[in-house]
Structure formats: C-alpha cells, structure tokens
1. Of the residues Asp90, Asp51, Asp38, which exhibits the maximal mean-square fluctuation in a Gaussian network model of the chain defined by a 10 Å Cα contact cut-off?
2. Of all chymotrypsin sites (Phe, Trp or Tyr not before Pro) in region 29-113, which ones are in loop regions per DSSP and have a Cβ with at most 10 other Cβ atoms within 10 Å?
3. Residues in region 63-92, backbone N under 14 Å from the label point at Ala3 (7 Å along the Cα-to-beta-carbon vector): list them, ranges by number please.
4. Using modelled backbone amide H atoms (1.01 Å from N, in-plane), which distant-in-sequence or interchain residues come within less than 5 Å of Ala83's amide H?
5. With the crude spin-label approximation of a point 7 Å out along Cα→Cβ, what separation in nm comes out for Glu33 versus Glu84?
6. So what is the calculated 222 nm ellipticity per residue for the chain, using -39500 (n - 2.57) for each DSSP H run with n of 4 or more, over all residues, to the nearest 500 deg cm²/dmol?
7. Rounded if a/c is under 1.5, else prolate if a/b beats b/c, else oblate: with a ≥ b ≥ c from the C-alpha gyration tensor eigenvalues square-rooted, which is region 51-113?
8. Can you work out the Karplus-derived ³J(HN,Hα) for every residue in region 75-92? Use 6.51 cos²θ - 1.76 cosθ + 1.60 with θ = phi - 60°, whole Hz, and x for glycine or proline.
Amino acid sequence: MAAFFTDADIAALGGSWSWLAGVAGQAMEQGNEGFLEDTLASVRPWGFRPDAIGVPVLIMHGAKDKMVPCGHGEWLAARCPAAESRIVPDAGHITVLDSAPQALTWLADRVRA
C-alpha cells in the first residue's frame with residue numbers, strides 16, 4: 001500500500017477517511033471492472049474531448065500523489081479551456097480529499113454567479 005500512498009494518506013485511511021476504504025472494498029468485491037475501466041481510460045479515447053467542456057471545472061490534485069502523477073491533473077486542466085487547476089502542495093491521493101470544503105466553496109461561488 002505504501003507504494004501508492006504517502007504516510008499521510010495511510011493515516012487518513014485509518015482516520016478521517018476510513019469509511020472510504022470500506023466503500024472501495026465493497027466496490028472491488030463486485031469485480032475488477034471499474035479498476036479495469038480506469039486503467040483503460042489512460043490509454044484509449046474517453047468518448048468526449050476535454051476541450052469540448054464548456055462549464056467551469058475545478059481539477060484538484062495532490063502534489064505528492066503516488067497513484068496518479070500530478071502531471072496528469074495539469075495535462076487535463078491544460079486541455080479543458082473552462083478548467084481551473086489547483087495543485088495542493090502537501091496532499092497525496094487521499095489527503096487531497098481534505099480540500100473538499102474549498103472545492104465546494106469554489107462550486108458554490110460559480111453557482112451563485
């Protein structure tokens with residue numbers, strides 16, 4: 001597990017985000033189709049072009065993410081003209097979820113506008 005998560009991610013999975021492991025575990029019990037689809041999404045067309053997205057998009061990515069390279073979030077944001085990229089400096093794959101309140105504030109601001 002340490003290969004994919006920072007020490008802070010592992011601590012979060014044992015603490016504030018412990019419920020997430022249970023949800024993910026239940027999903028994996030249904031088979032590996034979701035994992036396979038996620039993997040294939042990195043090597044085949046998605047069925048839409050990111051540059052066709054016209055609504056505001058916030059892409060938040062942990063700078064220390066070991067599972068999905070930070071460059072992927074930056075790549076995606078560069079291809080979505082309506083996207084705003086936020087790289088969370090000390091966050092990993094799980095601890096970036098601690099930024100959810102800021103993401104919801106961002107979303108509420110756009111809904112009000």
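Values in this text are rule-based calculations from the coordinates and carry no lab data. Small disclaimer: the values here were computed from a predicted structure and weren't measured. Methodologically, a virtual Cβ is constructed for each residue, glycine included, from the backbone with ideal geometry; neighbour enumeration extends over all protein chains shown.
1. Asp38
2. Loop-located and lightly packed - Trp46, Phe48.
3. 66-68
4. Hits under the 5 Å cutoff: Val57.
5. It is 3.7 nm.
6. Numbers: 5 runs with 52 residues, N = 113.
Taken over the chain, the calculation gives -13500 deg cm²/dmol.
7. The shape class here is oblate.
8. 4, 5, 4, 5, 9, 10, x, 8, 8, 10, 9, 10, 8, 8, x, 9, 8, x
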